[in-house]
Amino acid sequence: MTVDPAVALAARIEPYTTSWDADDVILYHLGIGAGLNKAIDQAELAYTYEQKLVVLPSFAVVPAFRALVVAVTGQVPGLAVNPVMVLHGEQDLEVHKAIPTSGSVEHRPRVASLYDKGKAALITIEVESGPAGDPLFTNRFTIFARGEGGFGGDPNSPAPGHQPPEREPDAVAESPTMGHQALIYRLSGDKNPLHADPDFAKLGGFDTPILHGLCTYGMVAKAVVDALLDGDVTAVARYQVRFTGVVFPGETVVTSMWREGDRIVLSATTKERGQPVLSNAAIWTR
């Protein structure tokens with residue numbers, strides 16, 4: 001496997017178009033645990049019932065997800081990485097406008113940055129989605145490709161930020177997961193067998209399949225919207241995290257939140273193991 005930064009950074013990745021409707025939105029919300037508690041509560045029905053449906057901003061990772069698959073399966077010139085050795089390191093989402101309950105948009109991916117971390121390559125795929133010059137949302141998927149470093153590239157990736165302040169959080173939310181939650185979330189498009197097949201999970205070093213990082217990402221977004229934004233999904237302008245650990249289906253994710261002006265700093269851990277799962281995380285509000 002090889003990484004060629006000059007080729008990869010200049011590569012043209014073919015644009016593609018995806019569509020979604022209310023059922024896709026509801027399926028995504030169910031996959032991140034909406035309706036698990038108080039299923040007929042009006043606040044939960046806003047995520048699971050088409051009559052007054054809202055769209056969590058984190059849903060934006062679903063229509064754009066194909067770009068990540070393209071990047072790790074040898075379809076980008078200059079990026080020949082082993083997909084089994086790839087970890088999803090960070091996610092950065094900018095929501096430029098409220099996401100409709102149904103839509104069809106063009107996605108324009110590019111390799112935005114590429115750093116040589118010695119034993120790994122740190123690669124960011126940026127995907128602008130919507131009309132050129134007037135996008136609906138922009139995703140930045142950052143992957144950590146183990147074993148792909150040493151190609152002579154820039155080692156100086158930006159330092160992580162968003163450290164929680166030294167005070168008690170303004171809110172703490174617990175989000176339980178179901179034992180079969182990964183099997184629901186994968187229907188939104190991430191069919192990686194790591195999240196369903198016990199034998200494949202063992203190849204990745206896990207005793208059992210793990211929850212998708214982007215599922216945890218969505219769960220934490222929902223926790224913030226519900227706890228600090230009064231359920232207003234349109235209040236989220238940007239959402240950035242670093243993935244620092246895994247969640248096993250059936251565990252509970254504990255999200256701590258600190259208001260810092262127009263930014264909410266976040267951290268998330270598993271209740272059962274105290275394992276950090278999201279760090280260096282923040283949501284910016286409008």
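Okay, here's what the table says:
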read-out	value
222 nm mean residue ellipticity, helices alone, for the chain (DSSP H n ≥ 4; -39,500 (n - 2.57); rounded to 500)	-5500 deg cm²/dmol
Additional length obtainable on full extension of the chain from A11 to W284, 0.36 nm per residue less Cα span	95.2 nm
Residue list for region 148-177, given a label point 7 angstrom along the Cα-to-Cβ vector of K271 and an amide N cut-off under 20 Å	169-177
Neighbourhood charge, 12 Å Cβ-Cβ cut-off, centred on R146 and excluding it, Lys, Arg +1 and Asp, Glu -1	+1
Heavy atoms of M219: accessible area, 1.4 Å probe, square angstrom to 10	10
Two-site label geometry, Q75 and A22: point separation in nm, points 7 Å out along Cα→Cβ	3.1
The chain, relative contact order [Cα under 8 Å, separation at least 6], %	20
Interatomic Cα distance distribution for region 84-144, bins of 10 angstrom, percent	22, 44, 24, 10, 1
Protein-only accessible surface order, largest first, of E251, E272 at 1.4 Å	E272, E251
Most mobile of T73, T234, T142 in a GNM of the chain (Cα contacts under 10 Å)	T73
Distance violations [Cα-Cα > 32 Å] among K52/K202; K97/K191; K97/K202; K97/K117; K38/K191; K97/K271	K52/K202; K97/K202; K97/K117; K97/K271
Surface accessible to a 1.4 Å probe, I99 within the full protein complex, Å²	20
Dimensions (Å) - the chain, Cα atoms, principal axes, largest first	53, 43, 40
Fully extended contour minus Cα-Cα distance, from T208 to R259, at 0.36 nm per residue	14.8 nm
Acute angle (nearest 10 degrees) that the helix 22-31 long axis makes with the longest principal axis of the chain, alpha-carbon atoms	90
Alpha carbon convex hull of region 210-286, projected area averaged over orientations, nm²	4.6
Tensor-based shape of region 119-195 (alpha-carbon gyration tensor, a/c under 1.5 rounded, otherwise prolate or oblate)	rounded
Charge tally in the Cβ shell below 12 Å around L27, where Lys, Arg are +1 and Asp, Glu are -1, L27 excluded	-3
√(5λ) per eigenvalue of the Cα gyration tensor, region 20-78, largest first, Å	31, 11, 7
Segment E106-L187, length gained on full extension (0.36 nm per residue, minus Cα span)	27.0 nm
Rough spin-label spacing in nm, given labels placed 7 Å along Cα→Cβ, for T234 and D199	5.1
Candidates per trypsin sites (Lys or Arg not before Pro) in region 143-210, loop by DSSP, up to 11 other Cβ within 10 Å	R167, K191
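The values are calculated or read from the model by the stated rules, or taken from the named source; none is laboratory data. In this text the structure is predicted, and so the values were computed from the model without any measurement. With ideal geometry, Cβ positions are generated from the backbone for all residues, glycine too; neighbour counts draw on all protein chains shown. Just so you know, the surface numbers come from the protein's heavy atoms only, side chains and all, with ligands and any DNA or RNA stripped out. Shrake-Rupley method; radii C 1.70, N 1.55, O 1.52, S 1.80 Å.
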